[in-house]
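Encoded as structure tokens, the structure appears first; notes follow it.
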Amino acid sequence: MRALILCCLVALADLSLDPKKTYEYKYVGQVNFGRGLPNLAESGVRLTCKVKIFGASAHAFMLQVSDLAFEEFNGFPGKNAFNGAPEAGRHSFSAQLARPFAFEFAGGHVGDIQAPTGTSDTVVNILGLHGLCQSNYAVEEAADTEMIITQKGDSIVSTVKYVYTLKPSAAGAVISKAHALELQHFSPFNVKGGSFKMQATKELLLLGVTDTATVLPLGPMLPKGNIVYKFVNNPANLPIMMQNLDNPIPKVNDARILRFLELRFKAGDLSPIEAWQTLLLAFNHLQATPELVETAKEFLTIPFSKSDQFVWHTVMLAYGSLVYKHCSYYTPCPVTAVQPLLDMAVDSLKRVNEEDMLLALKALGNAGHPASIKTIMRFLPGVAANPVALPARVQSAAVQALRLIATRDPHSVRRTPPPKHTHTHTHTSPPPP
């Protein structure tokens, strides 16, 4: 659930927190999924809680959640209401959120987050979900004792608006109220006002500021990065929009979506733009399980994939990225996942086809599979056992393809001898007299 708590504290340079004070807020976050049309069912979830923020040192603060309530919505807006979430799921989140979290805060920016041992990334996302977008700021003096700052961001598929109300204090400005609205529009071709939308609202209200009595001792804490969203390998709960409640609800999952797209590619009844946009979106949201990677591999052999240059490039590069995500969760990563890309790279080298070599190397770079080092080395002068004179941009692509591999298996990449660049035409100056 996209519930921002710490995010309401970022990007405001004048915002300050007194490490000797305790700030108590009421927080309400709500997300709704639907078509936004009458007589169509929607789904949603709402989180309500109290949040205490208090200092542990000058730039280190603690966050404590209490009075936590999860509610969910399934029905028709205006006719149905939110109901308490099932006990099983609520208990797991409540137990993790009840323990204090630590975070760095300086100059209006939230830094590293630390969480108690056993805290899932999903819970960290609830505390600190934050993205980056092009934003505009507007400052309004609401009264002698208040300042309102509005932050807006807009793109083809989303609109975001944050409104902060600040009050001055001895240590600096303090957020007395914050409201956020985010709209995400979705259609197979990503156009604003598409057939599906997600609406999220967040409200933060200051209840009071008191002196901090004592700081409770903390148990073992683990670093959890910053407030940027962390992808987790959990089964996605995709909301299903119903035409009406009398119709049966289809079970939609990644496998069915991928199979449907595969049928469309085999039928060839998509335009090139529809094909590459839909495939890119589908591959990006796949749970990279071995079964789904095998299914995605089929797109490399469908004739329609090669019918258009942009479609083929998208298939290759998106599949490489899918392999990278797959290898993040399965160690050691099987070579079978990247084998089609290795075969294409070797074949393009035999045919000395520059464009195919570049594409294969870029796809291997996206995959970042350690087993591809030997194949990539064949494109490097002075490294390959049987060197072939290749264009400089192919050699450069081979070097670039090693970057992600170096993050996973730096030892193997470090053992790769540096390429010896050869020049067939070298102009030298005469030796000095």
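The values are calculated or read from the model by the stated rules, or taken from the named source; none is laboratory data. Note that the coordinates shown come from a computational prediction; the quantities given were computed from them, not determined experimentally. Cβ placement follows ideal geometry from the backbone for every residue including glycine, while neighbour counts extend to all protein chains displayed. All accessible areas refer to the heavy atoms of the entire protein, side chains included, with ligands and DNA or RNA removed. Shrake-Rupley method; radii C 1.70, N 1.55, O 1.52, S 1.80 Å.
For the range 281-311, which residues satisfy the criterion of being free of Cβ contacts under 8 Å to residues at least 40 places away in the same chain, buried (at least 18 other Cβ atoms within 10 Å of the Cβ) and under 15 Å from MET344 (Cα atoms)?
PHE299
Go through (1) modelled with pLDDT under 75; (2) of a type outside the set (A, V, I, L, M); (3) over 28 Å from LEU322 (Cα atoms) for PRO391 and report which single condition fails.
(1) is the only condition that PRO391 fails.
Applying the selection to the range 256-280, what residues are open to solvent by 80 Å² or more (accessible area, probe 1.4 Å) and of a type in the set (Val, Ile, Thr)?
Correct list: ILE273 only.
Please enumerate the residues belonging to the range 34-52 that are within 21 Å of ALA95 (Cβ to Cβ) and of a type outside the set (Ser, Thr, Tyr).
Passing the criteria: VAL45, ARG46, LEU47, CYS49, LYS50, VAL51, LYS52.
With the requirement that a residue be exposed (fewer than 15 other Cβ atoms within 10 Å of the Cβ) and either within 30 Å of PRO272 (Cα to Cα) or among the polar types (S, T, N, Q) (or both), what does the range 314-334 give you?
Of everything in the range 314-334, those that are exposed (fewer than 15 other Cβ atoms within 10 Å of the Cβ) and either within 30 Å of PRO272 (Cα to Cα) or among the polar types (S, T, N, Q) (or both) turn out to be SER328, THR331.
Scan the range 55-65 residue by residue and report those that are open to solvent by 10 Å² or more (accessible area, probe 1.4 Å) and in contact with an Asp or Glu (Cβ under 9 Å, 6 or more places away or on another chain).
HIS59, ALA60
Output the residue which, of all residues in the range 335-385 that are open to solvent by less than 10 Å² (accessible area, probe 1.4 Å) and polar (S, T, N, Q), is nearest to ALA288 (Cα to Cα).
SER372
Considering only residues of the range 400-423 that are part of a loop (DSSP other than H, G, I, E, B) and within 12 Å of GLY368 (Cβ to Cβ), which is modelled with the lowest pLDDT?
ASP409
Only residues that are closer than 16 Å to THR201 by Cβ and surrounded by fewer than 18 Cβ atoms within 10 Å (Cβ to Cβ): list them for the range 16-39, please.
Passing the criteria: LYS26, VAL28, GLY36.
Answer yes if at least one residue in the range 72-80 is modelled with pLDDT of 85 or more, part of a strand (DSSP E or B) and closer than 27 Å to THR150 by Cβ, and no otherwise.
no
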